[in-house]
Amino acid sequence: MFNVLRRKIKTTLGRNKDLQVSHQKFKHGEGSGGIEQRPVDSSLQKNKQVLQQVFNNCIDVKFREFELGTAPPVNLMIVYMDGMVSTTDIHVSTLNRLMLLNGLMEEITPGDTLNLIKNKLLPLAEIKEESDLIKIVDGILAGETVLFIDGERNALLLGAKGWETRAVAEPESEPVVRGPREGFTEKLLTNTVLVRRRIKSSRLKVELTQVGALSKTEIAIMYIEGITNSKVVEEVKKRLERIKTDAILETGYIEEYIQDEWKTPFPTILSTERPDRVAGHLLEGHVVLLVDTTPFALIMPVTFFHFLFAAEDYYASYQVSTFIRLLRLAAVNISLLLPSAYIAVVTFHQEMIPTPLLISIAAAREGVPFPAFVEAFIMEATFELLREAGVRLPRQVGQAISIVGALVIGQAAVSAGLISPAMVIVVALTAIASFSIPNYSGAISLRILRFPIMMLAASLGLFGIMAGLMGLLIHLCSLRSFGVPYISPIAPMVRGDLKDFILRAPRWAMFTRPRMIGYKEPQRQEYMQIPRPPKTNAANKNNDAGNDKK
Amino acid sequence: MKILEEGKISGSQFMWLLVTIVLPTAVLFIPAVSIKNAGTSSWVSEVVTTTWGFVIIWISATLGERFPGRGLADYSTDILGKYVGKFAGVFYIFILTYVNAIIVREFGEFLLSAFMPATPLIVFNMTLLVLAASAVRNGIEVIARMNQFVVSLMFFALIFIFSLVFGEINPKHLTPLFEGGIKSIIHGGLTPMGWRGELFLTLILMPYLNNYKEARVAGYKANLLLGLVLGFDIFMVLAVFGKAAAHYVFPVHALATYISVAGFLERVEAFILALWVAGVTVKVAIWFYCITMVTAQTFNLKDYKPVVLPLAVIQVVWSITIYDNIREMVEFFTKTWITFSAFFEFFVPLTILLVAVVRKKGGQRG
């Protein structure tokens, strides 16, 4: 029946002739600026014409013609994107060197200008010869400067990129008390450097691909050779190649294209702003994608529990982080279940509450005109609205939201008798719990799931909650992230990986890498480096004491 | 040959599946039945039941090992000939569906009487089967993973109950020790054999193991673990309630109502029952999976997924109409269940095995 319906929808959509959309194929990379592939012409003026045609109405592309200061002057031209190049490089290293050559060189052989310029005159590290005009246009768009030489069939691409970027700052979405304060920026190169500084090994590979017909976004695939499962790397590359779209503006775009299962509220790819976290995951055998123009990196494959861990768990002592992880586990349960548990208990299982508490809840609920479910639903929805408004609001008016939230909705709703105080406590607890889950996308999926479970609780009580949770469990068990089972350290049970799970073992005891991910090179450190005091005998001690006295 | 599934499970996953096949319902029903028949020697009668479990596992594993990687309904045609073999397949579809309907009803009835008396039975049965069906559609790997999660919850719940009612134990309830002698011990072990015999599903689940040779050991381990847990279960119920436990339908549930810690943690049985729902969902899912597999193998289907929904509907209806009321169900369990279950859990597999041995069908062994 569903198949028939699906076919029907498909044909109806297909019949819509107004939509000029080809369902079959998307023309990917239709050439830059609509020019066909052609070589660089030996005449400088002709090249200029072509480029001016290509960059018609693009005022940010600058053409600058000048002469090489040799005895018979050679006509030169640089073309660059204004604002995307380093002006000092252009002025000092290029124009200055080429133009102020008066009298220094007596004579040049006509065919040799290019080599002369490339090898002797331009003090720039990155220079490429290029004869393909399309690649030259791409280069200009990516911020490279092109030097055309009259009479030469090759142009020079000068790597003098330089544009305004945000400085490396503290990652706002993942702050830590203890730990590095650097966060990724919007510039790809800065980001790879931030990672490379943490893993100074040639085994850390960085591969570059480009996605997006118009945006031509550069994506760096990072992995450590020998630790990362090469099949996963291949799979990541394959999935990236499959993306045929106009633009990638954020890692979220990529995530939705390459995740294993799209019919799930749970994120199966971890995003982070922290280079130290990326390095930590690389060392455990994950693959990392860094995307130009966004400070968020993608880490894959991951399990559900990676969303409950923060970078700081590994910097604090193991007792502390174990305690914090236990707290977070409680937070997950509270944020998912507390409102529904309240509904179920108040509506169906009053006998579960101790009598004095029951009486006070009942007294508080006496004046409330709504059933518990409606009450909870209103409050939860209000809270979600407040949260969303708080995020989107300009900073200056942010205070207004907290006043409205705390006073008007909290205080007034209770004193007006619309909402019971117990409900306010429940909502507040849920809110705090959901904010203490370190990963935003992980927390938000739990927040969404809260609502269906509330409905189940309102209709079937605890049995409903349990049924909902079982459904959730079936779903979680069927999820995979790049082949790794989503709730992997517990199901399937991998006993070795429990060392870095809810309980975090001390550093010296985390002897192996997670078996599900970094199994290719399991050992990561020397066995059993238990810290212990140096072996001293009583005599030595006495001697030391004696020495001190002297 | 054809087992219709790519999913494979490991030996330990298989063992926990076997535990879940028996435990969730057995732990609720067995104490009352066993105490009724054997009095104070009832907890010893688990020895008898466990021995029976070993026999069942031995038969299933021996038969399964003769045909590695093949399903029961598939090789039964080899052993018994085309027509009788297919009939054995159909017989098992029928029996497994019937038993699963009983299990669903059993738990629906339990929820109804102990939990939400005003709710129609069909709500519980349907929810349970919808969940099970979606698990079955996801395949054996997902069920096995779910099970690993749920088993820990069940054991947590059991330890929770038992440790909190420890103070209620009255040693006098345990005397006279071994009342009624060996005869009474065997009598007490008879009815629980029906539950333990459910381990015969080894036969159907074996082809889905990574290494079929692990099945036998995993089965024995599961059986031993079940014997210990259920023996302790009966012991605790007996120690707290004495012979009066025979009058309860669900004595473990009654045990949970006894819990009272510091005047605050009271009446936690609803919480415990909620955990129990998880166990039964997995149990029903495993049975359901076996039904689906036998059906698909018997009728040579290419894909097992289309039969899941129809089978679920049949089971929902059957689970409602199977008994008129809870008394009839208890009557069935105390009187009919043992002979009925022994037939399809013991005699039929044994017969197939004997025929296979006589006709020298399959296998490197024997």
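The values are calculated or read from the model by the stated rules, or taken from the named source; none is laboratory data. Being a predicted model, the structure only gives us computed values, none of them experimental. Positions of Cβ are backbone-derived with ideal geometry, glycine not excepted, and every protein chain shown enters the neighbour counts. SASA here: full protein model, heavy atoms, side chains in, ligands and nucleic acids out. Shrake-Rupley method; radii C 1.70, N 1.55, O 1.52, S 1.80 Å.
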Query raised in the report: Any idea how many residues of region B:156-184 are exposed (fewer than 15 other Cβ atoms within 10 Å of the Cβ) and within 14 Å of chain A (Cβ to nearest Cβ)?
Result: 1
Query raised in the report: Does any residue of region A:259-273 turn out to be out of contact with any helix residue (DSSP H, G or I) (no Cβ under 8 Å at 6 or more places or on another chain), part of a helix (DSSP H, G or I) and not polar (S, T, N, Q)?
Result: no
Query raised in the report: From A:Thr228, A:Thr293, which residue is touching a Gly at 6+ places or on another chain (Cβ under 7 Å), at pLDDT below 95 and either open to solvent by less than 20 Å² (accessible area, probe 1.4 Å) or not aromatic (Phe, Trp, Tyr) (or both)?
Result: A:Thr228
Report summary line: Only unsatisfied item for A:Glu351, checking (1) surrounded by fewer than 18 Cβ atoms within 10 Å (Cβ to Cβ); (2) more than 14 Å from chain B (Cβ to nearest Cβ); (3) acidic (Asp, Glu), is (2)
Query raised in the report: Which condition number does A:Val168 fail, the rest of (1) open to solvent by less than 70 Å² (accessible area, probe 1.4 Å); (2) farther than 19 Å from A:Lys48 by Cα; (3) in contact with a strand residue (DSSP E or B) (Cβ under 7 Å, 6 or more places away or on another chain) being met?
Result: (3)
Report task. Determine which single condition B:Ala118 fails, assuming it passes every other condition in (1) part of a helix (DSSP H, G or I); (2) within 11 Å of chain A (Cβ to nearest Cβ). Result -> (1)
Query raised in the report: Across region B:122-140, which residue is farthest from B:Ile286 (Cα to Cα) among those that are facing another protein chain (nearest Cβ under 8 Å) and open to solvent by 10 Å² or more (accessible area, probe 1.4 Å)?
Result: B:Val123
Query raised in the report: Within region A:297-348, how many residues turn out to be open to solvent by 10 Å² or more (accessible area, probe 1.4 Å), aromatic (Phe, Trp, Tyr), closer than 24 Å to A:Glu273 by Cα and assigned to a helix (DSSP H, G or I)?
Result: 4
Query - Check on B:Trp16, modelled with pLDDT of 85 or more, within 14 Å of B:Gly197 (Cβ to Cβ) and open to solvent by 30 Å² or more (accessible area, probe 1.4 Å) - result: no
Query raised in the report: Does region B:31-51 include one or more residues that are out of contact with any Ser or Thr (no Cβ under 6 Å at 6 or more places or on another chain), aromatic (Phe, Trp, Tyr) and under 30 Å from B:Val240 (Cα atoms)?
Result: yes
Query raised in the report: For the subset of region B:329-356 comprising residues that are over 17 Å from the mean Cα position of the chain (by Cα) and at pLDDT below 90, which member is farthest from B:Lys213 (Cα to Cα)?
Result: B:Glu331
**Report entry** Subset of region A:479-514 [touching a residue at least 40 places away in the same chain (Cβ under 8 Å) and in a helix (DSSP H, G or I)]
**Finding:** A:Arg507
Query raised in the report: Right, A:Pro492: within 30 Å of B:Val282 (Cβ to Cβ) and modelled with pLDDT under 85 or not?
Result: yes
Query raised in the report: Applying the selection to region A:358-369, what residues are within 22 Å of A:Ala413 (Cβ to Cβ) and either β-branched (Val, Ile, Thr) or within 11 Å of chain B (Cβ to nearest Cβ) (or both)?
Result: A:Ile361, A:Val368
**Report entry** Which numbered condition A:Ala381 fails, given (1) part of a helix (DSSP H, G or I); (2) open to solvent by 60 Å² or more (accessible area, probe 1.4 Å)
**Finding:** (2)
Report summary line: B:Ala274 vs (1) away from every other protein chain (no Cβ under 14 Å); (2) of a type in the set (Gly, Ala, Ser); (3) touching a helix residue (DSSP H, G or I) at 6+ places or on another chain (Cβ under 6 Å): all pass except (1)
Query raised in the report: Do we find that B:Thr321 is closer than 23 Å to B:Glu109 by Cβ, over 20 Å from the mean Cα position of the chain (by Cα), modelled with pLDDT of 85 or more and of a type in the set (S, T, N, Q) in this structure?
Result: yes
Query - Criterion violated by B:Gly81 - all others in (1) in contact with a helix residue (DSSP H, G or I) (Cβ under 7 Å, 6 or more places away or on another chain); (2) on the phi > 0 side of the Ramachandran plot satisfied - result: (1)
Report summary line: Per the filter on region B:144-155, residues among the aliphatic types (A, V, I, L, M) and facing chain A (nearest Cβ under 8 Å) are B:Ala144, B:Met146, B:Val150
Query raised in the report: Quick one: would you say B:Val282 is among the β-branched types (Val, Ile, Thr), within 30 Å of A:Gln350 (Cβ to Cβ) and within 21 Å of the chain's Cα centre (by Cα)?
Result: yes
**Report entry** Qualifying positions in region A:161-197 - at pLDDT 90 or above, of a type in the set (Lys, Arg) and outside any loop (DSSP other than H, G, I, E, B)
**Finding:** A:Arg196
Query raised in the report: Do we find that B:Val316 is of a type in the set (A, V, I, L, M, F, W, C), part of a helix (DSSP H, G or I) and more than 20 Å from the chain's Cα centre (by Cα) in this structure?
Result: no
Requested in this report: Confirm whether A:Arg392 is open to solvent by less than 10 Å² (accessible area, probe 1.4 Å), more than 14 Å from chain B (Cβ to nearest Cβ) and among the charged types (D, E, K, R).
Outcome: no
Requested in this report: Hand me the list of strands (runs of 3 or more DSSP E) wholly inside region A:42-160 holding 1 or more residues that are in contact with a strand residue (DSSP E or B) (Cβ under 7 Å, 6 or more places away or on another chain) and without any contact (Cβ under 8 Å) to a residue 40 or more places away in the chain.
Outcome: A:61-68, A:127-130, A:155-158
